[in-house]
Amino acid sequence: MIKIYHNSRCSKSREGLKVLENSGKKFEVVNYLEDIPTKVELRNVISCLDIKPINLVRKSEAIWKEKFKNSSLTDEELIDAMITYPKLIERPIIINGNSAVIGRPASKIDSLLK
């Protein structure tokens, strides 16, 4: 099952959702600001993306700048920060099986739909 971690207030996330809707494939929408991922889920997302936790952080967010910008955080501390402040999680994230992409630009999503 395809899954999208979605923020309806984000234009890039809405574009990603539209790509999935137009694909005709079944998918699940996770409104991650309301249904905050657990540590296990977030670790799985990071693993599927094959990135370091810092690469999933939205460093332009005010929360990041105010609380974390000049900190040296471990991977676990970064994951904890994203769970505590889910606005820090980059979006949209699309997962299909063990593969995932951050849908920026939305055209990256196509590689998961084949």
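The values are calculated or read from the model by the stated rules, or taken from the named source; none is laboratory data. Since this is a predicted model, take the numbers as computed values, not measurements. Counting neighbours? That spans all protein chains shown, and the Cβs are built from the backbone with ideal geometry, glycine included. For accessibility, only protein heavy atoms count, side chains too; no ligands or nucleic acids. Shrake-Rupley method; radii C 1.70, N 1.55, O 1.52, S 1.80 Å.
When the chain is treated as a Gaussian network with alpha carbon springs shorter than 10 Å, the biggest mean-square fluctuation among ILE93, ILE102, ILE63 belongs to ILE63. Measuring only protein heavy atoms, the 1.4 Å probe finds THR84 accessible over about 90 Å².
Placing dummy labels 7 Å off each Cα toward the beta-carbon, the span from ILE83 to SER99 is 2.9 nm. Simple spin-label estimate for LYS25 and ASP75 gives 2.6 nm between the two label positions (7 Å along the Cα-to-Cβ direction from each Cα). By the helix-only formula, in which each DSSP H run with n ≥ 4 contributes -39500 (n - 2.57) and the sum is divided by residues, the chain has a 222 nm mean residue ellipticity of -10500 deg cm²/dmol. If you run the Gaussian network model on the chain, springs between alpha carbon atoms under 10 Å, then out of SER23, SER99, SER71 the most flexible one is SER71.
So which residue, out of ALA100, ALA62, ALA81, gets the largest mean-square fluctuation from a GNM of the chain using Cα contacts under 10 Å as springs? In this elastic network of the chain, the residue with the biggest mean-square fluctuation among ALA100, ALA62, ALA81 is ALA62. Amide H contacts for ASN31 (H built 1.01 Å from N in the peptide plane; partners 5 or more residues away or on another chain; cut-off under 5 Å): HIS6. For GluC sites (Glu not before Pro), the sites in the range 27-110 that DSSP calls loop and that have at most 10 other Cβ atoms within 10 Å are GLU34. Summary of packing: across the peptides 14-22, 51-59, the per-residue average of other C-beta atoms within 10 Å ranks them, highest first, as 14-22, 51-59.
Phi angles of the range 55-72 translate, via the Karplus equation with coefficients 6.51, -1.76, 1.60 and θ = phi - 60°, into HN-Hα couplings of 7, 9, 8, 7, 6, 8, 5, 4, 4, 4, 4, 6, 10, 10, 3, 9, 9, 9 Hz per residue; Gly and Pro are given as x. Sequentially through the range 40-48, phi angles give Karplus couplings (6.51, -1.76, 1.60; θ = phi - 60°) of 4, 4, 5, 4, 5, 4, 4, 5, 5 Hz, Gly and Pro residues having no value and appearing as x. A 1.4 Å probe run over the range 38-85, with the rest of the protein chains in place, finds 61 Å² accessible per residue. Considering only beta bridges that DSSP places wholly inside the chain, some 65 percent are antiparallel.
Could you point to the label whose value was computed as Cα extents along the principal axes in Å for the structure here, given (1) 43, 26, 23; (2) 46, 44, 25; (3) 39, 37, 25? Identified label for the calculated read-out: (1). Model label sites at LYS39 and ARG14, defined 7 Å from Cα along the beta-carbon direction, differ in position by 3.6 nm. Listed cross-link partners LYS12/LYS39; LYS12/LYS69; LYS12/LYS59; LYS18/LYS69 are compared with a 27 Å cut-off, the Cα-Cα value being larger for LYS18/LYS69.
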